[in-house]
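The values are calculated or read from the model by the stated rules, or taken from the named source; none is laboratory data. Just so we're clear, the structure is a prediction, and the values are computed from it rather than from any experiment. Because the Cβ atoms are built from the backbone with ideal geometry, glycine has one as well, and the counts that use them run over all protein chains shown. Accessible surface areas use protein heavy atoms only, side chains included; no ligands, DNA or RNA. Shrake-Rupley method; radii C 1.70, N 1.55, O 1.52, S 1.80 Å.
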Amino acid sequence: MFRTFWRFRRSVGPYRAPLAIGGALVLVVAATDILTPWPLKVVVDNVLRGNPLSGVIGQLFGSLPGSGEDAILTAAVVLLVALVLVNAAADYLSSYVLDGIGQRVMADLREDVFLHLQRQSLLYHERQRIGDLMTRITSDVAQVQDMLVTSLSVLIPNVTMLVGIVVVMFVVDPEFALIALSVAPALFVVIFISTRRIKRASKVARRKESDIASVASETLSAIQVVQAYTGEERHERRFHEHNVERLRAGLDAVRLQAALTPAIDVITAIGTGIVLWVGAHRVMSGAMSLGLLLVFLAYLSQLYRPMRNLSKLAWIISRGQAAADRLQEVLTVDARVVERRHAIAAPRFSGAIEFRNVGFGYAPEREVLHAISLRIDPGDRIAIAGATGAGKSTLVSLIPRFYDPQQGAVLVDGVDVRDYKLESLRRQIALVLQDSILFHGSIRDNIAYGAPNASPDDLYAAAEAAYVAEFVDELPDGYDTIVSERGSTLSGGQRQRIAIARALVRNAPIVILDEPTSGLDALSERYVLRGLDRLMEGRTVIVIAHRTSTLRRADRISVMVDRRIVETGSHDELIGQASAYQRLNVQLTSE
Ligand SMILES: Nc1ncnc2c1ncn2[C@@H]1O[C@H](COP(=O)(O)OP(=O)(O)OP(=O)(O)O)[C@@H](O)[C@H]1O
Ligand SMILES: [Mg+2]
C-alpha cells in the first residue's frame, strides 16, 4: 500500500499544497468524529444522572453563562449539532480536494505512460502486443486511479480516525481500552489473509484482461484474414479461454470480498459484546460512569466502521496495486533509441549517405546485414534490388535509426547518424513504406502529416505531384473525405499516392522509398512513378524495387543477395552480363 504511494510520489509532488490542505481537512474530520460522543456523555452523566461536572469538560462547561442542568443540556446539544456541521463541511471539502488530486495525478500518469511508449524503439514495439499496451494505458491507469482516489478520500480519513480513537480510548481509560481492542488481532489476521488472497486473484484478473484485449485487437485488426480463413471459431475459443479465466479470478475475488465483511461483523460483534458485558459490570459497581460506557460503545462502532470500509476497499486496492505493478513494468523499461552525449542538431543535409562496413541483426545470433559498404552522393538516385528477405528494408531502416548497426556505421554528410539529434535527423528524411499507413482523418490531414506547418498551397502542389488530385476530385468530399485507420475506403494505389504526397510535402533532402509501386497495376504504377520523379528531383533517393520500370529510373542499382551487396551498376551495365541482377531480372520477368 505505502509502497504504491511511494512509487507515485513524483507524480503527487506537484500537488503538495492541495494535499496538505486535504490532509488538514482530514484531521478536522477525524477530530470532530472523535469529539461527537462527548456531548452525549455530558447529557447522560451530568444532566440525567446529576453528577457534578469535573475535569476538562467541567472547565469547558463551567465557563458557560448561566448554570444548572438546563444550561448544560442546551450547551451539549448546540455543541453536538455544531460538531456534526463542522464534520460534514470538512468531510465534503476534503473529499473534493483529495479526489481532485487523485484525478489529476492519474491524468498526468496516463500521459506519461503514453509519452513513454511512443518513444520506445521499434525493437521494443515489435515484441509488444498492442492490446496489452492499450489495457495498460486505459484500464490499468483507471484502476490505479480508483485506488488512489479511494485511498486518499476513504482510506486515509478512516485510518486517521482509527488511530485517533485508539489514542483517546487509551488516554481516557487504558485498561478498558485494552479490553475494547481485545478482538483487534483477530480482525487484523482475517483482513491480512483475505486481502492477500484478493490481491492474488486481482493480479490474475488484470493479466487476463490484457490477454482478452490482445486477442480482440489482433482479431479485429486482421478481421479480413480471419473471415477469409473462417478462423472465427478459433479466435472465439482463445477469447473464451481468457474470458473464463478472467471470470474465475473475478469470482474468486468477489467470494473472498463477500466473506470478509460478515467475518468482520461477527468479530466486531464479539468485541462489542465483551465491552458491553465488562462495561455494564463496571457501571453497576460504580467504577465507571454510564456516559463513559456510552462513549466507548460509540467509539467501538466508529472503530469498526472504518474497518468494514477498509475491508470493502480490499478489492479496489489490490486491483489498483496489480495495475500499478503493470504500469511500473512499462515505465521502467527504457528501450529508447539513445542519442550520443554530444549529439548535434543536424544542419540541412546535402544528402550524402554512406554505409561503412555495416553489420546488423535483429537478434545477436542471426545476422541480417553483413559487411555492407555503400556510398551515395548528394542528389544520387540509387535503387536496391534483391530477393525477398535479402535485407533491403532492414538496410534502409538504419538511416533514420529505427535500428542501430552492431558493426560499422551509417553516415550522413560524413557524420555518424548516432551523432545527430534524433529528431533533427528524422525530420530530414521522407519515407514511403512498403505498406502505406494512413491515420483516421481527412485526406488533407493525412498529407499534412508529413509537414504540419505546410501551407495549403504546398499541400495541393504535393497532391498534384503525387497524382492524388486525379482521384480526389471524384470523391464526394474531395480532400475532406475521411479515411479510416487502415485506409480501407481507398484502393491500394490511392493510399500509396497519398503516402507519396505526404513524403513530398516534407521537402526533405533524403527520400527513402520501400517498394513504392508494389501491388499496383501498370496504369497506377505509371501515375505513381511520375509522382515519384517529381519527388526525387534534387534529392538523394534510395528506392527499393523489384520492377524494371522503377529500377531503370535509378542512376545506380545495388543488388543484395544473402545479407550482402554483391554488385552495383546501372541497369544497362548489369543487364548485359551474367550478373545476380540478370538472374533476378530473368526470374522477375519470367513470372
Ligand atoms: N523486425 C524484425 N525482427 C526480426 N527479424 C526481422 C525483422 N524484420 C525482418 N527480419 C528478418 O530480416 C531479414 C531481412 O528482412 P527485410 O525485411 O530487410 O527483407 P527485404 O529484403 O526487405 O524483403 P522484401 O523484399 O520481402 O521486403 C529477413 O530474413 C527477416 O526474416
Ligand atoms: Mg522489404
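Taking amide H atoms as placed 1.01 Å from N in the peptide plane, list the residues 5 or more away in sequence, or in a different chain, whose amide H sits under 5 Å from that of I544.
I384, L513, D514, E515
May I ask you to evaluate 6.51 cos²θ - 1.76 cosθ + 1.60, the Karplus curve with θ = phi - 60°, for each residue of the stretch 201-210 and list the ³J(HN,Hα) values in order in whole Hz, giving x for glycine and proline?
4, 6, 4, 4, 4, 4, 5, 5, 4, 6
Can you list the HN-Hα couplings for the stretch 137-144, worked out from phi with the Karplus curve (6.51, -1.76, 1.60; θ = phi - 60°), rounded to whole Hz and with x for Gly and Pro?
5, 8, 7, 4, 4, 4, 6, 5
Could you work out the equivalent-ellipsoid semi-axes for the chain, taking the square root of 5 times each eigenvalue of the Cα gyration tensor, largest first, in whole Å?
74, 25, 22
K208: which lysines have alpha carbons under 24 Å from its alpha carbon, excluding same-chain residues fewer than 8 sequence positions away?
Within the straight-line limit of under 24 Å, K208 reaches these lysines: K199, K312.
Which value in Å is the Kirkwood Rh of the stretch 2-331 over different Cα pairs? Mind dumping the intermediate values first?
Numbers: mean 1/r = 0.0428 Å⁻¹.
Kirkwood radius, the stretch 2-331: 23.4 Å.
Roughly speaking, what is the stretch gain from E236 to R308, that is 0.36 nm per residue apart minus the C-alpha to C-alpha distance, in nm to one decimal?
Working: separation 72, 0.36 × 72 = 25.92 nm, distance 4.05 nm.
Extra length from E236 to R308 when fully extended: 21.9 nm.
Across the Cα atoms of the stretch 55-160, what radius of gyration and what greatest pairwise Cα-Cα distance (Dmax) are found, in Å?
25.7, 84
Report, to the nearest whole %, how much of the accessible area of the chain belongs to carbon and sulfur atoms, 1.4 Å probe, protein only.
Working: 17490 of 29810 Å².
Reported share for carbon and sulfur atoms: 59 percent.
Helix 232-284 versus the longest principal axis of the chain: what is the Cα-based angle in degrees, 0 to 90, to the nearest 10?
Tilt relative to the chain: about 20 degrees.
By DSSP, what percent of the beta bridges with both residues in the chain are antiparallel, rounded to the nearest 5?
Numbers: 21 of 40 bridges.
That works out to approximately 50 percent antiparallel.
Tell me which residues come under 5 Å, amide H to amide H, from R336 once H is placed; ignore anything under 5 positions away on its chain.
Residues meeting the amide H criterion: S121.
Apply the a/c threshold of 1.5 to the C-alpha gyration tensor of the stretch 426-519 and tell me whether it is rounded, prolate or oblate. Can you show the working numbers first?
On the way: a/c = 1.62, a/b = 1.19, b/c = 1.36.
Because a/c hits 1.5 or more and a/b fails to exceed b/c, the stretch 426-519 counts as oblate.
Farthest toward the dipole's positive end in the chain, which of G250, I317, F170, given Cβ charges of +1 (Lys, Arg) and -1 (Asp, Glu) about the Cα centre?
In the chain, that residue is F170.
Determine, from the Cβ-Cβ distance of L276 and Y124 and an R0 of 45 Å, the FRET efficiency 1/(1 + (r/R0)^6), rounded to the nearest 0.05.
Efficiency at R0 = 45 Å is approximately 0.10.
Which whole-Hz couplings ³J(HN,Hα) result when phi for each residue of the stretch 98-107 is put into the Karplus expression 6.51 cos²θ - 1.76 cosθ + 1.60, θ = phi - 60°, listed in order with x for Gly and Pro?
Whole-Hz 3J(HN,Hα) from phi for the stretch 98-107: 6, 4, x, 4, x, 4, 5, 4, 6, 4.
Rounded to the nearest 5, what is the percent of antiparallel bridges among the DSSP beta bridges in the stretch 353-583?
Values: 20 of 38 bridges.
Taking every DSSP beta bridge within the stretch 353-583, about 55 percent pair in antiparallel fashion.
Where Rh is the Kirkwood radius over the Cα pairs of the stretch 359-484, the temperature 4 °C and the viscosity 1.567 mPa s, what D in µm²/s does Stokes-Einstein return? Working shown, then result.
Working: Rh = 17.4 Å.
In µm²/s, the coefficient rounds to 74.
Rounded to the nearest 10 Å², what accessible area does K312 show when all protein chains are kept and the probe is 1.4 Å?
110 Å²
So, R0 is 51 Å and r is the distance between the beta-carbons of R255 and D473; what FRET efficiency does that work out to, to 0.05?
The value I calculate is 0.20.
Expressed in whole Å with the largest first, what are the equivalent ellipsoid semi-axes of the stretch 268-315 derived from the C-alpha gyration tensor as the square root of 5 times each eigenvalue? Don't skip to the end; give the middle numbers.
On the way: eigenvalues 149, 20, 4 Å².
Equivalent-ellipsoid dimensions as semi-axes: 27, 10, 4 Å.
Send over a whole-number figure in Å² for the accessible area per residue of the stretch 353-583, probe 1.4 Å.
Details: 10170 Å² over 231 residues.
Solvent-accessible surface per residue comes out at 44 Å².
Residues of the stretch 130-145 with amide nitrogen under 17 Å from the 7 Å Cα-to-Cβ point of E329?
Answer for this model: 130-144.
With a probe of 1.4 Å, find how much accessible area the stretch 2-331 has per residue, and write the answer as a whole number in Å². Please list the in-between numbers first.
Working: 17370 Å² over 330 residues.
Result: 53 Å² of accessible area for each residue.
Hey, what did the chain get for relative contact order, percent, Cα under 8 Å, at least 6 apart?
Values: 839 pairs, mean separation 80.3, N = 591.
Computed over the chain, the figure is 14 percent.
Working from the alpha-carbon coordinates of the stretch 353-583, get Rg over Rh, Rh being the Kirkwood radius. Spell out each step's value before the answer.
Numbers: Rg = 17.8 Å, Rh = 18.2 Å.
On the Cα set of the stretch 353-583, Rg over Rh gives 0.98.
Suppose R0 equals 45 Å; then what is the FRET efficiency for E245 and D521 from their Cβ-Cβ distance, rounded to the nearest 0.05?
Working: r = 48 Å, r/R0 = 1.07.
Computed FRET efficiency for E245 and D521 comes out at 0.40.
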